[in-house]
Amino acid sequence: MFIKSLFCFFSFLLVFSSPELQAQGVTADSIFIGRTAGVTGTIAGPMKEQNEAITAYFEHINKQGGIHGRKLNLKILDDKFDPKLAGENAKTLINEGAFLLFMPRGTPHSEAVLKVSEPAGVPVVAPSTGAEIFHTPPKRLVFNVRAPYQAEVVEGIRYLSGIGQKKLALIHVNDSFGKDGLAGYEKGVKQYGMQTLFIGTYDRVKSDSTQHIPKLLSLQPDAVIVVGSGTAVTGLIKQARKVGLTSQFLTLSNVSSASFIKDLGDAAPGVLVMQVTPPPDSVSVPMSAELKAIAPNVARTYAAMEAFASSKVLVEGLRRAGRNLNRESFIKAMESLKRLDLGDMEITYGPNDRTGSTFVEISIINRAGHFMR
């Protein structure tokens, strides 16, 4: 009996002290997870909401004993919403031994992360972007959670068509995110027989979106779809309202946060915002109730809800990977997720499917400063 126990003990040591596992960010008692995101800069508000939700859920899991005895060790580096810095941060995290990279924020930023992570064989889970390039063709190391941006744009145009707003304008950032939004716009316009009055672009760094307001004033479109981030979106809407433009504004889920409404101020009521999770503050949504129970001090916002949903997917994948965790076992475990119910939101992956969720709906900001279905 003693010899058998001694054998089991040394087998345990061999499994958990394996150089291969440690090189992949896994030790006997921890899993190293890295994130790069704009902690400061133009998207600092929603990133604060996301980071608080991630941290709260990881702490909840760790208090329960972690995953197969291992605690989640999260390290977040600030890329200031700069794609170049995002790539550099990813390299730093990988060199420090991160098992995987979690929720990089932004389309060109996530592209920069993948340029580093793919050659190193490091999975990227829940990039906080809906760009089609991360979905088609499927990338083996990438597991998306949020629905594609193009699906958001098409659904938004379907809604505008239904309420009789046929004459549209599109303002989009001139980067890979904006071009993806443009592709979705072109699909939606064709599908629903809409009329395009104007398409304008702006530089991501300069954020000079307001340059197009005179053109919008002269054309008076029924609705303006804005594909961008942070102050470029809020600045355009606020200035347009200030000079008397009455067009309906619609923008995408990437800006959906409490800070977005706060930054819009008096211009917020009536703005349409696409969403890729169920409402975070609804008593009828199980995932919302779970977020409140686990993290009562975390703001229940759409940005936090995306982070919470993504964290739940990550944890489920790590659990299914089993005690002998490595990157290959994790990838196979993630591919085994079929119709995983997060609470009114389902996730499905497969060998040729990395989309995760197809949940898309539209919300409107009411006069009280809240998102309403």
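Quick notes on this one:
- Residue match in the range 313-324 (condition: in a helix (DSSP H, G or I), under 28 Å from Thr251 (Cβ atoms) and modelled with pLDDT of 95 or more): yes
- Scanning the range 214-248 for residues being among the β-branched types (Val, Ile, Thr), surrounded by fewer than 19 Cβ atoms within 10 Å (Cβ to Cβ) and in a helix (DSSP H, G or I) gives a total of 1.
- Residues within the range 34-67 that are over 30 Å from Arg204 (Cα atoms) and in contact (Cβ under 8 Å) with a residue 40 or more places away in the chain, tallied: 6
- Among residues of the range 105-129 being part of a helix (DSSP H, G or I) and touching a strand residue (DSSP E or B) at 6+ places or on another chain (Cβ under 8 Å), the one that is surrounded by the fewest Cβ atoms within 10 Å (Cβ to Cβ) is Leu114.
- Against the criterion of being at pLDDT 95 or above, among the basic types (Lys, Arg), touching a helix residue (DSSP H, G or I) at 6+ places or on another chain (Cβ under 8 Å) and crowded, with 19+ Cβ neighbours inside 10 Å, Arg70 does not qualify.
- Candidate set from the range 255-287 (those that are among the polar types (S, T, N, Q) and at pLDDT below 95); member that is farthest from Ser229 (Cα to Cα): Ser284
- Ser207 vs. criteria in contact with a Pro (Cβ under 7 Å, 6 or more places away or on another chain) and more than 18 Å from Leu245 (Cα to Cα): no
- Flag for Ser218 being closer than 23 Å to Ile43 by Cα and among the small types (Gly, Ala, Ser): no
- If you check Tyr302, Tyr202 for being in contact with a strand residue (DSSP E or B) (Cβ under 8 Å, 6 or more places away or on another chain), under 25 Å from Asp180 (Cα atoms) and assigned by TED's automatic domain parsing to the domain that holds Leu342, only one passes: Tyr302.
- Residue in the range 343-364 that is farthest from Ser256 (Cα to Cα), counting only those that are crowded, with 17+ Cβ neighbours inside 10 Å and of a type outside the set (A, V, I, L, M): Tyr349
The values are calculated or read from the model by the stated rules, or taken from the named source; none is laboratory data. Just so it is clear, the structure is predicted and the values come from calculations on it, not from any experiment. When we count neighbours, we look across all protein chains shown, and the Cβ atoms used for this are built from the backbone with ideal geometry, even at glycine.
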